[in-house]
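Report on one structure; see the data block that follows.
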Amino acid sequence: MKPNQLLSSSHRAGGSPEKGPEWLELDNSAKIYPAVRTRDWAAMFRVSVDLTEEIRQDVLQQALEDTVRRIPTFRLALHKGVFWFYLDANKWMPRVEADVNNPCKKINDLENGGYCFRVRVYHRRIALEVFHSITDGTGAMIFLKTLAARYLTLLGHPIPAGEGVLCCDEPPRPEELEDSHSRYASFRHIESRKEKKAYHPQMTRMIAPRLRIITGMLPVEQVHEKARELKVTVNEYLTGALCYAFYQVQKKEAPRRLLPVKISVPINMRRFYPSGTLRNFALFVNPGIEPEYGEYSFEEIVTHVHHFMRLRLNEKYLNAVLSANVGNERNLAMRMVPLFMKNIFMDIAYRLYGESRYTSNLSNLGAIRVPEAMAPFVERFDFLMGPPRFNTHGASALSYGDTLYLSITSVVEETEVERLFFTELVKRGIHVTVESNNPPLTGNDDFPYGRRHAASKY
């Protein structure tokens, strides 16, 4: 949908560009998420910022109301239509709530006024938890930084716009609301989604729905140095290290047949197209190894990931994937199928082409920057993936200042993957400080656990 089409839709529905749209279609990549959610699971993720002083919840509430007026794609509730889910404007404001020990739980339809996100506060931390139907990691980080900047401004510390901070006194821009998938799909070529099934660890799922979070804090310069030694990027280095950890776990399980170990890596398509959208605009590639070919060293896996990424991170290949996704949505027969049948088809597609095709994921938001006036008030940022539906682990990373924060979330009792991953980095000369949101559930004393902000060092 082009920006002018979106605005005309808003006018027909009784809205205006200044007030935001009264309703929106889900963007192309968002359509899968409501269809495949279950009673207890939805595709959730979380970004958070720790400030240097205690949060005043009354001021944060006002900042939240100002921010959703500025970013109206967040001021929407998910509804079922006859043929598709759609987003409809909320008539009331979201509420700030207290943080919890078990984040990223599914947002129930009647929770928080029907919003697809929640804002939580704990002492100095502001956390934003988002259902993927409204935005991706880039959009969520822009919302969080704008919210924090508005909060500081209301406290008497004016923060100018820039570095992903939006001015809450300005109206939303039309390009922020567009579905960039549909705008940029060229249909020069349609890429097949066929991939081999990937390896998944045979581990014990926790009885209660819990999300274990283990975060490693790494010096950015040390990680860059090790990546440069292998002539790869930081993201390729970390992806290879995570792939190596799962490869080691599979070898210990000694299955009759070794399966591919693949890490799903989201690609921010704003790198390839001049898009200003605050909605979803990302695609995924799945680099990895075929253990049936023989033994792999750490260096081989990292190099393999590097060449895989170089082959696929180009506009032509990614547009072929983009066109395949958009083409399915535009198919006339598919458009005319009632929503309840679409949900069945999309759930089957998710089982065939979703989590079964990769072992885990690693989403890296890169270096987070804030306006110069905001920096003295910010201590750190964090990024967490919510629990996967079928897989056991998810990983996410970002850096702020001179520290890289890499979090591995899991829904299993064992911590072997995390131990192997961080221990391997330490062996290679990277200092790692680890913290966790809960004590161990197994008898494994090899891994240093600590409460949040009570970190242990390797």
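Just so you know, all these numbers are worked out from the coordinates, no wet-lab data involved. Computed from a predicted model, the values in this text were never measured in an experiment. Methodologically, a virtual Cβ is constructed for each residue, glycine included, from the backbone with ideal geometry; neighbour enumeration extends over all protein chains shown.
Quick one: net charge of THR303's neighbours, Cβ under 11 Å, K/R +1, D/E -1?
Values: positive: LYS231, ARG310; negative: GLU236, GLU299, GLU300.
Net charge in that neighbourhood comes out at -1.
For LEU152, LEU278, LEU110, which order do you get if you count the other beta carbons within 10 Å of each Cβ and list the fewest first?
Taking fewest neighbouring Cβ atoms as first place, the list is LEU110, LEU152, LEU278.
Would you calculate, for the chain, the mean residue ellipticity at 222 nm contributed by helices, counting each DSSP H stretch of 4 or more residues as -39,500 (n - 2.57) and dividing by all residues, to the nearest 500?
Computed ellipticity for the chain at 222 nm equals -10000 deg cm²/dmol.
Can you pull the three principal axis extents for the Cα set of the range 199-272, in Å, largest first?
For the range 199-272, the Cα extents along the three principal axes come out at 37, 31, 28 Å.
If one puts a single equal scatterer on every Cα of the range 260-309 and applies the Debye formula without solvent, what log₁₀ I(q)/I(0) results at q = 0.14, 0.21, 0.30 Å⁻¹?
-0.48, -0.76, -1.14
Which semi-axes, in whole Å and largest first, does the equivalent ellipsoid of the chain have when worked out from the alpha carbon gyration tensor as the square roots of 5 times its eigenvalues?
Details: eigenvalues 223, 156, 86 Å².
Ellipsoid semi-axes (Å, largest first): 33, 28, 21.
Return the sequence-ordered ³J(HN,Hα) values of the range 326-340 in whole Hz as given by the Karplus equation 6.51 cos²θ - 1.76 cosθ + 1.60 applied to θ = phi - 60°, using x for Gly and Pro.
5, x, 4, 5, 7, 4, 4, 4, 5, 5, 8, 6, x, 4, 5
When only alpha-carbon atoms count, how far does the range 82-153 stretch along each of its three principal axes, as whole angstroms with the largest first?
44, 25, 24
Quick check: pseudo-label points 7 Å beyond the Cα along Cα→Cβ at GLU413 and HIS224, how many nm apart are they?
Using points 7 Å along Cα→Cβ, the separation is 4.3 nm.
What does the charge count around HIS189 come to, taking other residues whose C-beta lies under 13 Å from its C-beta (Lys +1, Arg +1, Asp -1, Glu -1)?
Residues close to HIS189 contribute a combined charge of 0.
In what order do SER192, SER182 fall by count of nearby beta-carbon atoms within 10 Å, going from fewest to most?
If I rank by nearby Cβ atoms, fewest first, I get SER192, SER182.
Give me the one-decimal nm value for the distance between modelled label points at ARG56 and TYR122, 7 Å along each residue's Cα-to-Cβ direction.
Computed distance between label sites ARG56 and TYR122 equals 2.4 nm.
For the range 79-87, what does the Karplus curve 6.51 cos²θ - 1.76 cosθ + 1.60, with θ = phi - 60°, yield as ³J(HN,Hα) per residue in whole Hz, taken in order and with x for Gly and Pro?
Values, residue by residue: 9, 8, x, 6, 10, 9, 5, 8, 10 Hz.
In whole Å, what is the distance between the alpha-carbon centres of the range 77-117 and the range 172-223?
Their Cα centres are 21 Å away from one another.
Taking the alpha-carbon distance from LYS197 and a cut-off under 20 Å, which aspartates and glutamates remain once sequence neighbours fewer than 8 residues away in the same chain are dropped?
Filter leaves GLU253, GLU290, GLU292, GLU295, ASP347, GLU355.
Spin-label point model (7 Å from Cα, Cβ direction): what's the ILE190 to LYS252 distance in nm?
4.4
Average the reciprocal distances over every distinct pair of alpha-carbons in the range 204-330, invert the result, and give the Kirkwood radius in Å. Could the numbers behind the result be given before it?
Details: mean 1/r = 0.0586 Å⁻¹.
About 17.1 Å, per the Kirkwood formula over Cα pairs.
Skipping prolines and chain starts, which residues have an amide H placed within reach, meaning under 5 Å, of the one on VAL285, given they are 5 or more residues away or on another chain?
VAL265, ILE267
From the Cα gyration tensor of the range 258-395, with a ≥ b ≥ c the square roots of its eigenvalues, which class applies: rounded if a/c is under 1.5, or else prolate if a/b is larger than b/c, or else oblate?
oblate
To one decimal place, what Kirkwood hydrodynamic radius in Å is obtained for the range 174-218 from all pairs of distinct Cα atoms?
When all Cα pairs of the range 174-218 are included, the Kirkwood radius is 16.8 Å.
For the chain, what does the relative contact order come out to in percent, with C-alpha contacts under 8 Å and a separation of six or more?
The normalised contact order for the chain reaches 22 percent.
Go through the range 346-354 residue by residue and turn each phi into a ³J(HN,Hα) via Karplus (6.51, -1.76, 1.60, θ = phi - 60°); whole Hz please, and just put x for glycine and proline.
5, 5, 4, 4, 5, 5, 7, 10, x
Find the all-direction average of the projected area of the Cα convex hull for the range 348-397, expressing the result in square nanometres with one decimal place.
4.7
Relative contact order, percent, of the range 234-347 when contacts are C-alpha pairs under 8 Å separated by at least 6 residues?
In percent, rounded to a whole number, it is 26.
Where does each of PHE298, PHE143 land when they are ranked from fewest to most other beta-carbon atoms within 10 angstrom? All intermediate terms of the calculation are to be shown ahead of the outcome.
Working: PHE298 18, PHE143 27.
The fewest-first ordering by Cβ neighbours comes to PHE298, PHE143.
Put one equal scatterer on each alpha carbon of the range 112-220, apply the Debye formula with no solvent term, and list log10 I(q)/I(0) at q = 0.15, 0.20, 0.22 1/Å to two decimals.
For the requested q values the scattering log ratios are -1.04, -1.27, -1.35.
Nearest 5 is fine: what % of DSSP beta bridges in the range 285-434 come out antiparallel, could you say?
Bridges in the range 285-434 are about 65 percent antiparallel.
Could you tell me which trypsin sites (Lys or Arg not before Pro) in the range 257-307 are loop residues by DSSP with no more than 14 other beta carbons within 10 angstrom of their beta carbon?
Hits after loop and neighbour filter: ARG257.
Too long at a 25 Å Cα-Cα cut-off: which of LYS105/LYS226; LYS194/LYS231; LYS226/LYS316; LYS231/LYS427? Walk me through the numbers on the way to the answer.
Working: LYS105/LYS226 36 Å; LYS194/LYS231 30 Å; LYS226/LYS316 31 Å; LYS231/LYS427 19 Å.
In this structure, LYS105/LYS226; LYS194/LYS231; LYS226/LYS316 exceed 25 Å between Cα atoms.
Counting only residues 5 or more places away or on other chains, whose amide H sits under 5 Å from the amide H of LEU404 once H atoms are built in the peptide plane?
For LEU404, the qualifying residues are LEU218, VAL220.
How large, in Å, is the range 15-139 by the Kirkwood hydrodynamic radius built from its alpha-carbon pairs? Numbers along the way, then the final one.
On the way: mean 1/r = 0.0658 Å⁻¹.
Result for the range 15-139 stands at 15.2 Å.
In terms of modelled amide H atoms, which long-range or inter-chain residues lie less than 5 Å from the amide H of LEU76?
Correct list: ASN90, CYS116.
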